[in-house]
Amino acid sequence: GAGVSQTPSNKVTEKGKYVELRCDPISGHTALYWYRQSLGQGPEFLIYFQGTGAADDSGLPNDRFFAVRPEGSVSTLKIQRTERGDSAVYLCASSLTSDTGELFFGEGSRLTVL
Amino acid sequence: AQSVTQPDIHITVSEGASLELRCNYSYGATPYLFWYVQSPGQGLQLLLKYFSGDTLVQGIKGFEAEFKRSQSSFNLRKPSVHWSDAAEYFCAVGPRGSNYKLTFGKGTLLTVNP
């Protein structure tokens, strides 16, 4: 596709449930990132993939959060035992390399935990 | 720890007026500096970035920003605002060597009056 695609655009779930959010990056972009944007805040870094491997997962808040990118393209962010504090917009971005500083963001997946 | 402060939560300007959005950062060394724009229904888009060299940086859509080391500032400017510039603007810093790991400010919402 022309841009970064994220699905679903909206997800409402109940506390304690498991959630998966999907990101399809721009074709040819080897670097992929997940950020989280809470209400009234700027985006916060979660994790960076170079190819299939997580090169930096220092932003993941706890072990309930996990992300994979098995074939070096599509990535899935997985959240176990969701909590109300996980409610946010989860942004995915991609770039050709990790050193340009130009990240191409998707529109995000809005997660609401009731 | 690095941080970014955008002092103005919301700014309203008239179409055709000049614009300056403020950004101050706290960082141990000179970081990489960025301005991103988030329009409704669209992902974050890079307006401009500063890595080194000329402290006045030109970006897309007629925007420019000036890096002032002594003030730890990176303010965004535009001489004449268009109605289509209405959006939320985020200043961000990234550490040299891993500038994918951006720290964003809370954003400034720009409203443009006709």
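More than 20 Å from B:ALA92 (Cβ to Cβ), charged (D, E, K, R) and in contact with a strand residue (DSSP E or B) (Cβ under 8 Å, 6 or more places away or on another chain), is that true of A:GLU20? Even if it seems obvious, please write down each step before you answer.
Details: more than 20 Å from B:ALA92 (Cβ to Cβ): yes; charged (D, E, K, R): yes; in contact with a strand residue (DSSP E or B) (Cβ under 8 Å, 6 or more places away or on another chain): yes.
Yes: the conditions hold for A:GLU20.
Tell me the strands (runs of 3 or more DSSP E) entirely within segment B:1-53 that contain at least 1 residues that are more than 22 Å from B:GLN71 (Cα to Cα). First the steps, then the outcome.
Numbers: elements: B:3-5, B:10-14, B:19-21, B:24-26, B:32-38, B:45-50.
In segment B:1-53, B:10-14, B:32-38, B:45-50 are the strands (runs of 3 or more DSSP E) which contain 1 or more residues that are more than 22 Å from B:GLN71 (Cα to Cα).
Every test in (1) surrounded by 15 or more Cβ atoms within 10 Å (Cβ to Cβ); (2) over 14 Å from the mean Cα position of the chain (by Cα); (3) away from chain B (no Cβ under 11 Å) is passed by A:GLY101 save one, and that test is (3). Residues of segment A:66-80 include at least one that is basic (Lys, Arg) and either in contact (Cβ under 8 Å) with a residue 60 or more places away in the chain or within 14 Å of chain B (Cβ to nearest Cβ) (or both). Condition check: buried (at least 16 other Cβ atoms within 10 Å of the Cβ) and either in contact with a strand residue (DSSP E or B) (Cβ under 7 Å, 6 or more places away or on another chain) or in a loop (DSSP other than H, G, I, E, B) (or both). Does A:GLN6 satisfy that? Answer is yes for this residue. Of all residues in segment B:42-58, those satisfying the criterion of being within 11 Å of chain A (Cβ to nearest Cβ) and not aromatic (Phe, Trp, Tyr) are B:GLN42, B:GLY43, B:LEU44, B:GLN45, B:LEU46, B:LEU47, B:LEU48, B:LYS49. Could we say that A:GLY108 is on the phi > 0 side of the Ramachandran plot, within 10 Å of chain B (Cβ to nearest Cβ) and either aromatic (Phe, Trp, Tyr) or free of Cβ contacts under 8 Å to residues at least 12 places away in the same chain (or both) here? Criteria not met by A:GLY108.
Kindly indicate the residue of segment B:17-41 that is surrounded by 13 or more Cβ atoms within 10 Å (Cβ to Cβ) and small (Gly, Ala, Ser) and also nearest to the other protein chains (Cβ to nearest Cβ) among those meeting that condition. Walk me through how you get there before you give the answer.
Going through segment B:17-41, the residues surrounded by 13 or more Cβ atoms within 10 Å (Cβ to Cβ) turn out to be B:17, B:19-27, B:30-39.
Among the residues that remain, those that are also small (Gly, Ala, Ser) are: B:17, B:26, B:39.
Values: B:ALA17: 25, B:SER26: 14, B:SER39: 10 Å.
Checking each candidate, the answer is B:SER39.
Among the conditions (1) touching a residue at least 40 places away in the same chain (Cβ under 8 Å); (2) surrounded by 14 or more Cβ atoms within 10 Å (Cβ to Cβ), A:GLU44 misses just one, which is (1). Please specify each residue of segment A:10-41 satisfying the condition of being of a type outside the set (A, V, I, L, M), surrounded by 13 or more Cβ atoms within 10 Å (Cβ to Cβ) and either closer than 18 Å to A:GLU102 by Cα or within 11 Å of chain B (Cβ to nearest Cβ) (or both). Across segment A:10-41, the qualifying residues are A:CYS23, A:ASP24, A:PRO25, A:HIS29, A:THR30, A:TYR33, A:TRP34, A:TYR35, A:ARG36, A:GLN37, A:SER38, A:GLN41.
Throughout, read-outs are computed from the coordinates displayed, never taken from laboratory work. Please read all numbers here as calculations on a predicted model, not as lab measurements. All Cβ positions, even for glycine, are placed from backbone atoms using ideal geometry, and neighbour counts span all protein chains on display.
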